[in-house]
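Take a look at the structure below.
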Amino acid sequence: MNSVFIDTDIILDLFIRREPHHSIALRFFSFLKKNAIEGFTSPVSVANTYYILTKTRDRHYALDKTRRLMQLVRIATLNQQITEAAIGAPYKDFEDSIQYHCALASGMRILITRNVSDYPKSQLKVLLPDEYMTIRQIRPYTEHNTHKASPSQ
């Protein structure tokens, strides 16, 4: 699967221009586009991003950036089953639990965040944006990377 789940903090770094993280977020989203990697996030991230942008700027800016976000990522499903799984999980932060369970339910294998420690003992690979870009540059995604090579290869 050539896709990643993106936590809210990376999106906010991009739109609020939080340094030193803004330049990394900008490179990360450019990297996704350049390498045809599909980014996903949760509906909670969209709502939280809009809300925070209205508080840091204004409604017009928040709407503009929310529309831009919808061009950058796809929205993962959030339903009752996912929400109940998030409620029942031992996460300290409910939003992190929703993010994690949305990513799992969407078939993601990688979650990109600046807060790696928020996702302990994860079934997902949880990476910083720079870590992900470094790994992908060293071993670009191809279908044959997902299978072990046989001795004859």
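Only the coordinates and a few stated rules stand behind these numbers; no lab work does. Worth saying up front: this structure is predicted, and the values here are computed from it rather than measured. When we count neighbours, we look across all protein chains shown, and the Cβ atoms used for this are built from the backbone with ideal geometry, even at glycine.
The table below lists the values:
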| read-out | value |
| --- | --- |
| Every pair of residues 6+ apart whose Cβ atoms lie under 7 Å, when the first sits in the stretch 1-29 and is within 19 Å of Ala62 (Cβ to Cβ) and touching a residue at least 24 places away in the same chain (Cβ under 8 Å) while the second is in a helix (DSSP H, G or I) and of a type in the set (Lys, Arg) | Phe15/Lys65 |
| Any hit, the stretch 40-60, residues being out of contact with any Asp or Glu (no Cβ under 8 Å at 6 or more places or on another chain), surrounded by 16 or more Cβ atoms within 10 Å (Cβ to Cβ) and assigned to a strand (DSSP E or B) | yes |
| Of all residues in the stretch 1-30 being over 19 Å from Asp96 (Cβ atoms) and of a type in the set (S, T, N, Q), the one that is surrounded by the most Cβ atoms within 10 Å (Cβ to Cβ) | Ser3 |
| Residue within the stretch 75-84 that is touching a residue at least 60 places away in the same chain (Cβ under 8 Å) and touching a Cys at 6+ places or on another chain (Cβ under 8 Å) present | yes |
| Criterion: within 14 Å of Thr8 (Cβ to Cβ) and surrounded by 13 or more Cβ atoms within 10 Å (Cβ to Cβ) - qualifying residue of Ile112, Ile37, Ile82 | Ile112 |
| Filter result (under 18 Å from Tyr50 (Cα atoms) and under 14 Å from the mean Cα position of the chain (by Cα)) within the stretch 13-28 | Asp13, Leu14, Ala25 |
